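Take a look at the structure set out below.
The values are calculated or read from the model by the stated rules, or taken from the named source; none is laboratory data. Since the structure is predicted, the reported quantities are computational estimates derived from the model, not experimental observations. Backbone-built Cβ (ideal geometry, glycine too); neighbour counts: all protein chains shown.
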Amino acid sequence: MPARDLQGEIRELRRRIAALMDEAANNEKLLRRSQERELELLKAENMAQLFDTICRGLKTSYALEAVTLLLLDPQHEIRHLLIADDVKLEDFPQVLFTDSLTDMAPQFNSFHRPWLGPYMGSDHLALFPGVSGLKSAALIPLRRQDKLLGSLNFGSVDEKRFSRHLATDFLAHLGVIASFAIENTINRARLVRSGLTDFLTGWHNRRYLNARLKEELARAQRQGTSLTCLVIDLDRFKQINDQHGHLAGDLALREAAQRVDSHIRGSDAAARFGGDEFVVLAPAISAEQAASLGERIRLTVCETPLILPSGVKLNMTVSIGVAGITVPREETDLKAAAERLLADADAALYRAKQLGRNRVELASGADTSAA
């Protein structure tokens with residue numbers, strides 16, 4: 001072989017070796033950066049921190065034009081948990097919630113591995129709202145225990161950035177880590193508000209109320225005092241959901257609970273009874289005094305509109321039923337007494353609804369004397 005040809009081959013070999021070394025260095029840098037980002041995902045202590053790490057952190061780390069997180073939330077539980085933690089959903093526009101994944105993109109009909117390919121507006125517009133100019137996309141399934149939680153979505157203006165011919169192992173691994181981190185933070189939020197707490201309002205739940213009601217009745221029986229119950233219902237709650245969406249309904253419930261809470265005493269017991277109903281147990285006051293309390297609550301709820309994230313002003317009102325009970329010392333069935341008290345207060349609430357809502361009604365035959 002002529003010396004000139006040999007030198008040419010050596011130069012070409014050196015060029016290839018240099019290119020391979022550069023590629024190896026870039027891969028090592030990418031791997032190290034990916035590991036650092038995955039560690040940040042796993043270290044997130046709450047959902048707000050995790051969402052920021054995913055949407056802002058991954059976008060910056062991988063120099064992407066768009067990163068969105070889509071979560072399947074048919075019961076609105078995740079949204080409830082966020083609201084309960086005072087997280088404003090509008091602060092995370094890149095986090096999307098859906099009741100059904102199949103309506104979001106055709107790729108979700110059979111979604112087990114990352115999908116890479118050209119950005120198609122008709123198929124992917126819902127995954128990247130408000131983003132224009134994308135040419136390629138990567139949709140990464142988020143799965144835990146063979147259950148699809150949602151997807152992590154990358155968008156790029158480079159049409160070659162995400163090609164169907166590229167390996168997807170790296171993205172699949174990222175999806176596993178993100179899925180674990182999401183499940184972990186959701187479970188942590190559930191744990192904080194589990195047991196005896198309603199995670200939307202932060203109030204006690206029905207289970208707590210049932211136990212507390214028996215305790216208060218037993219105390220009232222021992223002390224010879226009365227126990228008064230207020231059942232509070234947010235008026236036209238279904239209409240709020242239908243006209244403004246379930247998120248508006250959630251915000252209305254939370255705001256109403258906060259306004260009610262500003263008027264009850266430390267000795268009172270308050271709980272979300274279910275749906276749009278709240279119950280307040282007020283020991284050692286007359287039904288008439290409880291009705292005055294109910295009137296103060298009613299005025300507080302309706303005096304100032306709730307301003308929704310959309311800017312819409314939502315006028316809220318409540319109807320309240322009030323009933324009281326004095327348990328004779330010889331009565332042994334406190335469960336039956338509790339059911340009577342709740343039934344009487346509920347009947348008074350029904351009458352308030354029938355008489356036009358936004359009012360307080362006393363149960364028939366309620367004892368108005370001070371305990």
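Observations on the model:
- Among the criteria (1) of a type in the set (A, V, I, L, M); (2) modelled with pLDDT under 95; (3) on the phi < 0 side of the Ramachandran plot, the one Ala284 does not fulfil is (3).
Quick grid of which residues meet (1) under 23 Å from Ser310 (Cβ atoms); (2) not aliphatic (A, V, I, L, M):
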residue: Glu90; (1), (2): yes, yes
residue: Met120; (1), (2): no, no
residue: Leu139; (1), (2): no, no
residue: Arg144; (1), (2): no, yes
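- Number of residues in segment 303-323 that are under 11 Å from Arg359 (Cα atoms) and surrounded by fewer than 23 Cβ atoms within 10 Å (Cβ to Cβ) equals 1.
- Looking only at segment 187-202, and only at residues there that are under 19 Å from Leu42 (Cα atoms) and surrounded by fewer than 18 Cβ atoms within 10 Å (Cβ to Cβ), the one that is modelled with the highest pLDDT: Asn187
- Test for Gly195: is it assigned to a loop (DSSP other than H, G, I, E, B) and within 21 Å of the chain's Cα centre (by Cα): yes
- Subset of segment 264-281 (residues that are touching a helix residue (DSSP H, G or I) at 6+ places or on another chain (Cβ under 8 Å) and surrounded by fewer than 16 Cβ atoms within 10 Å (Cβ to Cβ)): Gly274, Gly275
- Of the residues in segment 293-301, at least one is assigned by TED's automatic domain parsing to the domain that holds Gln243, in contact with a His (Cβ under 7 Å, 6 or more places away or on another chain) and closer than 15 Å to Glu361 by Cβ.
- In segment 74-85, the residues that are surrounded by fewer than 18 Cβ atoms within 10 Å (Cβ to Cβ) and either in contact with a helix residue (DSSP H, G or I) (Cβ under 9 Å, 6 or more places away or on another chain) or of a type in the set (A, V, I, L, M, F, W, C) (or both): His76, Glu77, Asp85
- Of all the numbered requirements in (1) in contact with a Phe, Trp or Tyr (Cβ under 8 Å, 6 or more places away or on another chain); (2) of a type outside the set (Lys, Arg); (3) modelled with pLDDT of 95 or more; (4) closer than 20 Å to Ala211 by Cβ, Ala323 misses one, and that requirement is (1).
- Within segment 31-72, considering residues that are charged (D, E, K, R) and within 12 Å of Val95 (Cα to Cα), the one surrounded by the fewest Cβ atoms within 10 Å (Cβ to Cβ): Arg56
Here's the yes/no breakdown for (1) part of a helix (DSSP H, G or I); (2) at pLDDT 90 or above; (3) under 18 Å from Gly155 (Cβ atoms); (4) among the small types (Gly, Ala, Ser):
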{"position": "Ala19", "(1), (2), (3), (4)": "yes, no, no, yes"}
{"position": "Glu28", "(1), (2), (3), (4)": "yes, no, no, no"}
{"position": "Gln49", "(1), (2), (3), (4)": "yes, yes, no, no"}
{"position": "Thr102", "(1), (2), (3), (4)": "yes, no, no, no"}
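- Any helices (runs of 4 or more DSSP H) falling wholly within segment 229-324 and containing at least 1 residues that are among the polar types (S, T, N, Q) and more than 22 Å from the chain's Cα centre (by Cα): 287-303
- Selection of segment 132-160 for residues being charged (D, E, K, R) and in contact (Cβ under 8 Å) with a residue 40 or more places away in the chain yields only Glu159.
- Close pairs from segment 250-262: first closer than 16 Å to Asp86 by Cβ, partner surrounded by fewer than 22 Cβ atoms within 10 Å (Cβ to Cβ) and among the basic types (Lys, Arg), Cβ under 8 Å, at least 6 apart: Asp250/Arg79
Residue-wise test of (1) within 23 Å of Leu41 (Cβ to Cβ); (2) at pLDDT 90 or above; (3) assigned to a loop (DSSP other than H, G, I, E, B).
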{"residue": "Val87", "(1), (2), (3)": "yes, no, yes"}
{"residue": "Phe97", "(1), (2), (3)": "yes, yes, no"}
{"residue": "Phe108", "(1), (2), (3)": "yes, no, no"}
{"residue": "Arg113", "(1), (2), (3)": "yes, yes, yes"}
{"residue": "Leu116", "(1), (2), (3)": "yes, yes, no"}
{"residue": "Gly133", "(1), (2), (3)": "no, yes, yes"}
{"residue": "Leu139", "(1), (2), (3)": "yes, yes, no"}
{"residue": "Leu149", "(1), (2), (3)": "yes, yes, no"}
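- Selection over segment 90-103 of residues that are buried (at least 17 other Cβ atoms within 10 Å of the Cβ) and out of contact with any Gly (no Cβ under 9 Å at 6 or more places or on another chain) gives a count of 3.
- Considering segment 324-355, the residues that are touching a Ser or Thr at 6+ places or on another chain (Cβ under 7 Å) and crowded, with 20+ Cβ neighbours inside 10 Å include one that is farthest from Leu281 (Cα to Cα), namely Ala352.
- Filtered by the rule that a residue be out of contact with any helix residue (DSSP H, G or I) (no Cβ under 8 Å at 6 or more places or on another chain) and closer than 18 Å to Arg351 by Cβ, segment 294-324 gives Gly294, Glu295, Arg298.
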